[in-house]
Each structure stands twice: as structure tokens, then as C-alpha cells.
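Peer 1: Pasting a structure below so you can have a look.
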There are 2 protein chains.
Amino acid sequence: MSLDAVLARIDDQLPAATDRLLELLRIPSISTDPAYKQPCSEAADWLVEDLKSLGIKAEKRITLGHPMVVGHVAGDGPHLLFYGHYDVQPVDPLELWDSDPFAPCVEETPKGRVIRGRGSSDDKGQLMTFVEACRAWREVNGALPCAITFFFEGEEESGSPSLVPFMTENADELRADIALICDTGLFQSRTPAIVTMLRGMVGEQITVQGPDMDLHSGFFGGLAMNPIRALSKILADIHDDEGRVTIPGFYDGIPDLSPEMRAQWEALGFDWQGFLGSVGLSQPAGEADRTPLEMIWSRPTAEVNGIWGGYTGDGFKTVLPAKAHAKISFRLVEGQDPDRIRDAFRAFVRARLPQDCRIEFKPHGGSAASVMETSDPAFEAARQALSEEWPEPAAYVGCGGSIPIAGHFGSILGMNAMLIGFGKDDDAIHSPNEKYDLESFHKGIRSWARILDALSRKGAA
Amino acid sequence: MSLDAVLARIDDQLPAATDRLLELLRIPSISTDPAYKQPCSEAADWLVEDLKSLGIKAEKRITLGHPMVVGHVAGDGPHLLFYGHYDVQPVDPLELWDSDPFAPCVEETPKGRVIRGRGSSDDKGQLMTFVEACRAWREVNGALPCAITFFFEGEEESGSPSLVPFMTENADELRADIALICDTGLFQSRTPAIVTMLRGMVGEQITVQGPDMDLHSGFFGGLAMNPIRALSKILADIHDDEGRVTIPGFYDGIPDLSPEMRAQWEALGFDWQGFLGSVGLSQPAGEADRTPLEMIWSRPTAEVNGIWGGYTGDGFKTVLPAKAHAKISFRLVEGQDPDRIRDAFRAFVRARLPQDCRIEFKPHGGSAASVMETSDPAFEAARQALSEEWPEPAAYVGCGGSIPIAGHFGSILGMNAMLIGFGKDDDAIHSPNEKYDLESFHKGIRSWARILDALSRKGAA
């Protein structure tokens, strides 16, 4: 088995690989819109056929929603599972696209060639980096280097309603030594990265009720409790002047960052001024004694995602409203239990509720943070493989968002997961004019070839 | 001139007076809806004809909006101006009405007979109490007891856009010794009342901007300033724990209630528990060292009338929004200057704005409080006249709302105004099934006869 030959094959076959991706991108597999049910099914069929062309036993598997694609190939050494999703986001507002989102093309730009089209980065382009690496490997070596299970879903952009039931029902079939997920990006569009921490989330919608009905602020104002006043006090109390969350017990049990991880993160030279500057901000707003990377990766947050109450139209209406509402979410990190945080928040709110107000809580979601076991030698093997492909050494990074699939591999299948992806910050995923750099695609394929080589040679997983 | 004969005539003619009111109520003079322009004009015509039948020189006067009705009758003694409005509120939601809002009738209810229909209380019924008192007086005595100017507008329920221009242009014609306004109610549906204090108002809409665009709270949460957090802190700071407004200088220059007024208010025995209890509340929310009546009548307030920002739909969207908004209004009392309060509020907000936020202010309205000169002997004369008609002695009261017309008489025409009305708390003005108690109508007419007698005999005004 020669890795160099595989890499050369990848370079040689890049135009053909790109053409295949363009074909997949032409299928408008928007999962959230029932009008696109058929294209979603077609995208699944396309993947089944493509996997079959690699000698993989692949099937479309029916769910209550969009189908899954599952493929298996036997082999020696570690058993890998690769996950990606073939569904894409809606394209509205369509008028902001410079070209048809489902008529993809390779475009020359001042920053290099890009593959333009909905799903080019999220996640069809990323998904195909792994498939193309497998193809080149097989074409050069006649077979894949180890046992691989391919697992593609078509509901990632619409809440993955079928995912947990499917994984639970097919746990034995899906279980492997390690999961590989390609749905993330390069750190600051430059440094290859393996995500080892994902924040969890707890959401709560609260409604503070004062009077039974909306009142006239002339007749009642000054005498009757205004629920917006009560809500503002509660929300204002959540953070102290140092950006710390004041909910009792909120930080209990959170481990400090290991010295190794801290050193790696410092070495990343995170340009937080540029990161904040790109959205018109200049000051880190989190805990004053933490670094910006800690604020978004390894520290929990409390954010009000929405607030409303009273009259919000044009002009003025001097109403003293009956109710005021807010949607609050907490990003959780290692050591925080979603139920405990929810309870602590509710107690915090109740303790601040004026006697004349009532409160209603509506829970939304609740998932713990995911922390990968980087002691698994597969991590170090993959990190070295990535470092060989890219100009900068690869890093372990955090991710402030929640990628539920990573947690599911742990909780349902008992597997560790490595999140490795090649997206860039300007890919405009979920937005008009989505693109994937041809460099991301090309070096992404090469990266997976190197990782396949590393994991199978070392039997690391 | 015999007052007793006039009162007897009023009792005798109540059915005919009621029929005339029902006729006026049948005209759907909804001023805010352009579709009802013609009925508004018809209501003005109806009033012109009715005034003419009393020997009054009356005219419909064209404005850019709905017409005014102005009538004059000469006479000895004081010159009174009477103001009312012939336009009414819209009737939606129509399905909540038990009968056609513009097919009025007299209805027996467990609490007595009521005149049911849109405008029965606000303000056609109230307006006609004065007209019917004049009619009875003239029928008994052959002429009215003094010079009277009648001034009816048709835009009160839609912001009175033509009022100030019309009053300014016709100031000499409209100026009289005192204005009588019939658009208020009995205190707690029981005690005849003359409003001597009206709160003013200043409104401000504020927009706090954090980042340039909405952000994903997973990627930016904890690091980027959330404008809802900043807005909550600002709003929460407006009141201290004792219900006081903390804006520097907010209470400067406000006189304390005179001992006489305080004694009168105490004698009213305000059932604030019942008042708050009727809307599901139990605790006065204003300044802890003030009485409930002071809170709604003679003390200024700060209320958030509306708040919005971020995602407010169903479910959850973990957005960190670019902007958060609030509409805040201040009810002002004697001694407070609207411009000074607006400036003080803006300075208060700016002082609390995080470095990474921008602020935008949008002013709305700005009117000072009106305080009537109760030293004018007309007030004491009217109060005694009311006390003779009703079971309880009449009182000087405050009104927490703003009735701009009262201020205009002072500022444009240099006149004092007496606000006297007979509405009850359950009249459902602006709501479905509006009614006016036949008792309010009957004793209202009798009250005006007594007041006309008192003011003309004493030459008090």
C-alpha cells in the first residue's frame, strides 16, 4: 500500500471527483421543506449508487422522515464509521444568490477556485472528501485499508427527528471502533482541526405574568406591577459586571482546562480582535478572567435569544402588558448536567419574582457537552496525518455550538468521535452563495487518505 | 329662573332625550377608519341640527380631517365653553359584541338600565348630557343662563390631528371664561368628580445595537455582547427596590400634595385592593412611601410599554441578536419638564451602555402635566352643585392618563378647564358591549343643569 500513489491518484482525479460532487449538488435535497421529499430520496439513491461503485454494500434505509444511507465494507484492522449528511438548507432569499443554488459550478475568484452552490460546503462537499479518498485508495490498492461503515442522514438541517430512533434500532449494525464526522471547519480558515469539545445546551422559555390583562398605563401605571420590569430585573441579574453568570451552582463541577490543551490553544494565536471585529465588536463580553477561546469553547454561557412583551408595532401604545416573555439558552460544558442547570435557573428566577407576578417555564432541549477522549491513540494519529497535509500543524479545538450527532455516537453506540472538516469561515453555509474552496475539497480528500493510512497502519483505533 | 322646574323637565323628558341619543349612536362615526369618513360627517351634521334646534348658531367647520362643530349662544354672566367628541372607537372584535354596536338600545340589566352601543359612554352619551341640560333649561326659561360656546371634535379617538391647528386658528372665536369637558367618569363609579390634575407624557423608543448582524450563539455566545443583556440592565436599573425611579433629577421640582388635597383624597376611601384585585394584582408597585392614589395621580412613572429582540416565534433559535428594542414612557406630573426628562433619560441610558453597544433614540410625544387652578371659584361652585345631585359629596381627583385637550385650553386659549363626567368603570369604553348607565345619563343631565345654575347665578367663572 503506497500512500504516495493514493495522493497522486487524488491529484490526478480531482476534475472527475469535482464533477461527481457537482452532480450531487444538482439534487435540491432541502430536508425541511416537504416539497423536496423526492429530491432528498434521489440524493440518497445517488449516494447508494456511488458507494456501490466502490464495492461497498450500500442501501437506502427508510425512516418516518428522509431515508438514511448505510454502507458497509469489511476489512482488517480498525473498524471506522464515517458520518455525513446529504440534506441541505433552504435557499431563500433566492434573490441574494448570484447564480442558481442548484446549478453548481467551479468559479474563479480572487481568493482561488471555489465550488459554488447550496450544500457545496454543508455538507455534500465535505461528505464527498471522504468518499473520494476511499475511491482513490481502492483504485490504487484494490481494496480499502480497513472495515468502514458509511452512514449518511438526510435530516440534519431539519432537526434529525429520525436519527436517534434509527441509531437505537440499528445500534449493533452501526457500532464501530471510532466515528469520523466531516461537518466542521479549519480553525480560522487555516489550521486543520479536530474538534474535541462540543458545548451542550439547555433552553428555557419564560413568561412572566403581572396583571390578568393588558392595562392602560395612564390608569394603572405606577401602581400595577409591569411584568417587563420584573423580567428585566431577572435577566439583568443573570450576569455580574465581570461577565460571570450568577446563578448559584452554575459553574460547579466544571474542570479547568488541562495545561496541555491550554498550551495548544495559546499556540493557535486566535485573532479574537479580528473575529469580533468582523461583526462590529471589539470587547470580549464573557468572564473577565478567561481568554476569548475559553469563552466560546470551554466555558458555559447564558444568552437571551429572544425577548418580547407589550406593544412592539409602529408608533406608541401606552399599554402596561399582562405578560412578558424571554427565550434563554445556556451553552453547557463538561461537568454541567442539563437538568441541574435548568433547575438552578428556575430557582434563580423564582427567587427574583415579585409577589404579584406569576411565572411559566417551557423547557426546550437539554443536552450535555461532549468531550472526546483524546487519549485514544486515533486522535494523535489523525492529528499527525493532518499536520503532514497542511502548512500548519493540526490542533485540537473546541466548538461553541452543539453537534448532537457526536453526542449520540457516545451515548447510543458507546463510540468516541473525531470531528474533522475543511470548511472555511467565509463558506456562507446556510446563506446565499454558499461555496467550498476547491482547496478544501482537494486537500480534504488528501487529508482523509492520510488519516485512513495512519489509522489502518497503526491499528490505532 | 327655577332650577327645580328645569330638573323636573329633565326627569319628564328623559325618554325623549334617550331617543335622541340613540339616534346619534346609530351613526357609525369611527374616526380612525377612512371607510367611515361619511358617517363622521353625518354625526357632525346631526349635532349642528340639534344645536340649531336649541336656538344656537351652529356650524360644521371643515378641517383636513373630520369636521369640527362649533356653536355659539350669547348671554349674560360668564362665558362657558363646552367640549365633547362625536367620534367613536372601532368595534372590533365584532364577534365579542352581544348586539350590533350601531343598533343601540336601552337594556335592563341586574345592575339597572343601560344604554348599550358604541359611543354610548365615550363620548356621545356624555356629550349629550350637557346638550340635554341646555335644552331643558331653554324649554323652561326661554333662554340659556349665560353665553355658551359648543365645541365638538371628531378626531379624539384618532389622535386629534386637526385640533391644535383649529384651536390656534380660531383662538379668538373659541376663547371663553372656562372650559367644561365631559369625557371622564365618577370616581370608583360612585363619587362625582372634577379632575384637577392630568399627567403628561414623554415616550422614547430605544434600540440597543450590539453586533452588526445576528450571530449564532454557539459560535459567538459568551464572547460577543448580547444587546438584550445590555437592554435588560438598563431597564432593570430604572427602578430601585423601593419602586423609585433612579434617573438623576427625575423627581426634581415636583411639589408635594397640598394638605387640603391630601385630606380630600384620604376621604375618598380609595379601594385600591379592589382596584388592583380586579386585574389580578394585590401589591402597589410604585414608590413605597406613597399612597396608591398618589401613585396613579400625582406621582410620575416610568413604564416599559413594549420590548422586543431576537427570535420570538415558536420553538427556539439560538440567535445572538444584533438589536434589542424597547418603548418606554414616562407619565409626568406638575413641575416636570418633558424635554428635561427626555434628556435625563437619554443620559441615564448612555451612562449604562456597554462599550460595544450603540444606542438609537426615537422620541414619541412630549406633553407636560396639566394642573387646574382650583382657586378659580367656578371649581368650588361646580363641586357643590355636583354634591347636591349625587348621594356622595363631589371630590377633586387626579387622572393618571393624559387628556391633551385640557392642556390645549390652557396653552392655546389661556383658559382653565373643568373635567366632569359620569362614566363608570364598567362602561367598557374602547371594548365590546360598551354601555352608559341610564343613571349616568339622567343624573349627568341634572348635574349640568345644577352646574349651569351655580355658575351663572354666582357669576363664578
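What follows draws every value from the coordinates through simple rules; no lab data is involved. Keep in mind that what you see is a predicted model, and the values were worked out from it rather than measured. As a convention, Cβ positions derive from the backbone with ideal geometry for all residues, glycine included, and neighbour counts pool all protein chains shown.
Peer 1: Out of the DSSP beta bridges found with both residues in the range B:1-154, what percent are antiparallel (nearest 5)?
Peer 2: In the range B:1-154, approximately 65 percent of DSSP beta bridges are antiparallel ones.
Peer 1: Something else now. Calculate, for B:ASP271 and B:ASP426, the FRET efficiency according to 1/(1 + (r/R0)^6) with r their C-beta to C-beta distance and R0 22 Å; round to the nearest 0.05.
Peer 2: 0.95
Peer 1: Placing +1 on the Cβ of each Lys and Arg and -1 on the Cβ of each Asp and Glu in the protein assembly as shown, which of A:THR149, B:PRO284, B:TYR251 has its Cα farthest towards the positive end of the resulting dipole?
Peer 2: So the residue we want is B:TYR251.
Peer 1: Another question about this same structure. Stick to Cα atoms and the Kirkwood definition of Rh, then tell me Rg/Rh for the range B:343-461.
Peer 2: Working: Rg = 20.9 Å, Rh = 18.0 Å.
Ratio of gyration radius to Kirkwood radius for the range B:343-461: 1.16.
Peer 1: Can I ask one more? Using only the alpha carbons of the range B:340-384, determine the length spanned along each of the three principal axes and report them from longest to shortest in whole angstroms.
Peer 2: 61, 17, 14
Peer 1: Which distances, in nm and shortest first, link the B:GLY75 label point to the same label point in every other copy, taking 7 Å along Cα→Cβ?
Peer 2: Nearest first, the other copies' label points are 10.6 nm away.
Peer 1: So, R0 is 41 Å and r is the distance between the beta-carbons of B:PHE361 and A:GLU388; what FRET efficiency does that work out to, to 0.05? Write down the numbers at each step before the final one.
Peer 2: Values: r = 57 Å, r/R0 = 1.40.
That gives a FRET efficiency of 0.10.
Peer 1: Kindly give Rg over Rh for chain A, based on alpha-carbon atoms, with the Kirkwood expression for the hydrodynamic radius. Don't skip to the answer; put the middle values down first.
Peer 2: Working: Rg = 24.4 Å, Rh = 24.0 Å.
Reported Rg/Rh, Kirkwood definition of Rh: 1.02.
Peer 1: For label points placed 7 Å from Cα toward Cβ, what is the shortest-first list of nm distances from B:ALA171 to its copies?
Peer 2: So the distances to the same position in the other copies read 8.6 nm.
Peer 1: Also: Going out from 0 in 20 Å bins, what whole percent of all Cα-Cα distances in the protein assembly as shown drops into each bin?
Peer 2: Here the calculated profile for the protein assembly as shown is 13, 34, 23, 18, 10, 1, 0.
Peer 1: Using only Cα atoms, what is the ratio of the radius of gyration of the range B:277-339 to 2.2 N^0.38 Å?
Peer 2: Cα-based Rg divided by the globular estimate yields 1.62.
Peer 1: Along the charge dipole of the range A:1-147, pointing to its positive end and built from +1/-1 on Cβ of Lys, Arg, Asp and Glu, which listed residue (A:LEU21, A:LEU127, A:LEU51) has its Cα farthest out?
Peer 2: Farthest towards the positive end: A:LEU51.
Peer 1: Within the P(r) computed for the range B:213-279, what percentage of the Cα pairs occupies the region above 15 Å?
Peer 2: Looking at the range B:213-279, the distances longer than 15 Å represent 76 percent of pairs.
Peer 1: Quick one: order B:ILE412, A:ILE429 by neighbouring beta-carbon count within 10 Å, fewest to most.
Peer 2: B:ILE412, A:ILE429
Peer 1: Residues with beta-carbon under 13 Å from that of B:GLY243, excluding B:GLY243: net charge, scoring Lys, Arg +1 and Asp, Glu -1? Intermediate results must be reported in sequence, preceding the final value.
Peer 2: Values: positive: A:ARG229, A:LYS233, B:ARG244, B:ARG290, B:ARG299; negative: A:ASP356, B:ASP240, B:ASP241, B:GLU242, B:GLU287, B:ASP289, B:GLU294, B:GLU303.
It works out to a net charge of -3.
Peer 1: Excluding A:TRP97 itself, what net charge comes from residues whose Cβ is under 12 Å from its Cβ, given Lys and Arg +1 and Asp and Glu -1?
Peer 2: -2
Peer 1: While we're on this one: Taking a 24 Å limit on the Cα-Cα distance, which of the listed pairs B:LYS111/B:LYS435; A:LYS60/A:LYS424; A:LYS124/A:LYS424; B:LYS317/B:LYS362; B:LYS60/B:LYS435 fall beyond it?
Peer 2: A:LYS60/A:LYS424; B:LYS317/B:LYS362; B:LYS60/B:LYS435
Peer 1: Let me ask something else about it. Suppose we consider the axis relating copy A to copy B; can you name the residue of A with the nearest Cβ and state that distance in angstrom as an integer?
Peer 2: Residue nearest the A-to-B axis, with distance in whole Å: A:ALA236, 2.
Peer 1: Let me ask something additional. Provide B:SER2, B:SER232 in ascending order of the number of other Cβ atoms located within 10 Å of each residue's Cβ, fewest first.
Peer 2: B:SER2, B:SER232
Peer 1: Test of understanding: express the Cα radius of gyration of the range B:171-309 as a ratio to 2.2 N^0.38 Å, with N the residue count.
Peer 2: 1.49
Peer 1: Based solely on C-alpha atoms, express the radius of gyration and the Dmax of the range B:383-434 in angstrom.
Peer 2: 14.2, 38
Peer 1: Go ahead and estimate [θ] at 222 nm for chain A from helices alone: -39,500 (n - 2.57) per DSSP H run with n ≥ 4, summed, over the residue count, rounded to 500.
Peer 2: It lands at -11000 deg cm²/dmol.
Peer 1: Quick check: pseudo-label points 7 Å beyond the Cα along Cα→Cβ at B:GLN38 and B:SER282, how many nm apart are they?
Peer 2: 5.6
Peer 1: Let me ask something else about it. Taking 0.36 nm per residue of sequence separation and subtracting the Cα-Cα distance, how much length would be gained by fully extending the chain between A:ASP376 and A:ARG190, in nm to one decimal?
Peer 2: 64.5 nm
Peer 1: Let me ask something else. Distances from A:ASN141 to the same residue in each other copy, label points 7 Å out along Cα→Cβ, in nm, shortest first?
Peer 2: So the label point of A:ASN141 gives 11.4 nm to the other copies.
Peer 1: Let's test this: bin the Cα-Cα distances of the range B:97-204 at 10 Å from zero up to the farthest pair and state each bin's percent.
Peer 2: Histogram of Cα-Cα distances, whole percents per bin: 10, 29, 38, 20, 3, 0.
Peer 1: Net charge near A:THR291: determine it from the other residues with C-beta under 11 Å of the C-beta of A:THR291, scoring Lys and Arg +1 and Asp and Glu -1. Let's see the in-between values first.
Peer 2: Details: positive: A:ARG262, A:ARG290, A:ARG299; negative: A:GLU266, A:GLU287, A:ASP289, A:GLU294.
Residues near A:THR291 contribute -1 overall.
Peer 1: Ok, one more. Under 17 Å from a point 7 Å along the Cα-to-Cβ line of B:SER258: which residues of the range B:402-434 have their amide N that close?
Peer 2: Hits in the range B:402-434 for B:SER258 at 17 Å: B:416-419.
Peer 1: Based on the Cβ-Cβ distance from B:ASP172 to A:ASP92, what FRET efficiency comes out when R0 is 56 Å, to the nearest 0.05?
Peer 2: E between B:ASP172 and A:ASP92, to the nearest 0.05, is 0.35.
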